[in-house]
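Structure first, then comments.
The values are calculated or read from the model by the stated rules, or taken from the named source; none is laboratory data. Here the structure is a predicted model, which is why all the values come from computation and not from measurement. In this analysis, Cβ positions are derived from the backbone assuming ideal geometry, glycine residues included, and neighbour counts consider all displayed protein chains. Surface accessibility is based on the protein's heavy atoms, side chains included, excluding ligands, DNA and RNA. Shrake-Rupley method; radii C 1.70, N 1.55, O 1.52, S 1.80 Å.
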Amino acid sequence: MENTNLQNYSHKRLNILTGEWVLVSPHRAKRPWQGQNEEISKEKKPSYDESCYLCAKNTRVNGEKNPDYKDVFVFTNDFAALQNDSPSFTVNDGLFKAQSETGICKVICFSPYHSKSLAEMSVDEIQKVVVAWQNEYTILGSNENINYVQIFENKGAVMGCSNPHPHGQIWSQSTLPNEVEKKDNQQFNYFDKHQKSLLETYLNQELAAKERIIFENDDFVVLVPFWAVWPFETMIAPKKAQKNIAEMSSKQTKNFAEAISVITKAYDSLFNTSFPYSSGIHQAPTNGKKNNHWHWHMSFYPPLLRSATVKKFMVGYEMFGSPQRDITAEIAAKKLRDLVL
């Protein structure tokens, strides 16, 4: 039964995966909007762009020519944020501390079609992307110098995407990023105490409550997390604990692809626009440890708040205090769920 206090009064919600709190102010959602509005781009994007360095058969900046790929294409990033051949060094000068970081960054093109987002791809096409993710996680993770593999996508210019061609990135590195380290610690502490998955336990409670569930199939659930920060933030997670995406069977990759298809289509329908977001998969490190406490999941962080032209910004209190949201997770889930049913 829905807690009316959560829908009417300011409160904090705990993110069990990071141990951090988010401030929720549901009463503020009723205030009139007097902030920035933006024009919606009406530009029609072609299926092929001769100037796009990600399109099939085009030449990239480094002089390499893309193959005439028909579905998924993966290559090493020409402008990688991490260098594989960086020398090992440390700086330990009083309070000046630094250490070298090495890694391998790759780009994954989801489709040769220049303007076809995941929401416009078939489940079978998305499944090929999922299988490519599995392969890259396994290959990169087998490198003794790689201890974590981060798969993510920035969709839309507002999320910093520099090229409209449907693509994501895979950054692999020698240490655990900040967010992953938090989730590693939280899941380990829970597993160590209860001998079961933190996220699976949480999902079972969500499936019983049914307040924030958007979609489910045999293997996966799509929901708005109880602690969501972004207005229409969602998570896709396997119902039964798996440490990483490589553990999925062929059937499960199909069901994962279906879950991605459902939520991205719902996003596009919400404000009748190509919905921008940053999405990413958090999964077990590739550090040679058992990591039995891990339960992988995929999160979507979209910035749109009230329409295709009104965005949520992390400013003011959120930059100096803690994250804050107005629309509750339950209301967001209902809006998205109504677009799926």
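A few points about this structure:
- Between region 318-341 and region 182-202, the alpha-carbon center distance in angstrom: 25 Å
- Whole-percent carbon and sulfur share, accessible surface of the chain, 1.4 Å: 51 percent
- Between Ser10 and Gln83, the modelled label-to-label distance comes to 4.8 nm, taking each label 7 Å out from Cα in the direction of the beta carbon.
- Cα point-scatterer Debye curve for region 122-225, base-10 log of I(q)/I(0) at q = 0.13 Å⁻¹: -0.75
- For the peptides 237-245, 54-62, the ranking by packing is 237-245, 54-62, with the highest mean count of neighbouring Cβ atoms within 10 Å listed first.
- Long hydrophobic helices in the chain: the complete DSSP H runs spanning 20 Å or more by Cα along their own axis with mean Kyte-Doolittle hydropathy of at least -0.5 are 123-141, 250-270.
- Global geometry of the chain, whether rounded, prolate or oblate, following the gyration tensor of its Cα atoms and the 1.5 cut on a/c: rounded
- Each peptide in 162-172, 247-257 gets a packing score, the mean of other Cβ atoms within 10 Å over its residues, and the list from highest to lowest is 162-172, 247-257.
- Rolling a 1.4 Å probe over the protein heavy atoms gives region 137-277 an accessible area of 41 Å² per residue.
- Cβ screening of the chain for cysteine pairs under 4.7 Å finds these without a partner: Cys105, Cys109, Cys161.
- Farthest towards the positive end of the charge dipole of the chain, among the residues Val22, Ala284, Leu198, is the Cα of Val22, using unit charges on the Cβ of Lys, Arg, Asp and Glu.
- Farthest toward positive dipole pole in the chain [+1 Lys/Arg, -1 Asp/Glu at C-beta], among Leu140, Val74, Pro166: Pro166
- At q = 0.11, 0.12, 0.19, 0.20 Å⁻¹, base-10 log of I(q)/I(0) for region 189-341 (Debye sum, equal scatterers on each alpha carbon): -0.46, -0.54, -1.22, -1.30
- With one equal scatterer per alpha carbon and no solvent term, the Debye-computed log10 I(q)/I(0) for region 43-163 at 0.13, 0.16 1/Å reads -0.65, -0.91.
- 222 nm mean residue ellipticity, helices alone, for the chain (DSSP H n ≥ 4; -39,500 (n - 2.57); rounded to 500): -8500 deg cm²/dmol
- The magnitude of the dipole of region 80-176, with charges of +1 and -1 set on the Cβ of Lys/Arg and Asp/Glu and taken from the Cα centre, is near 160 debye.
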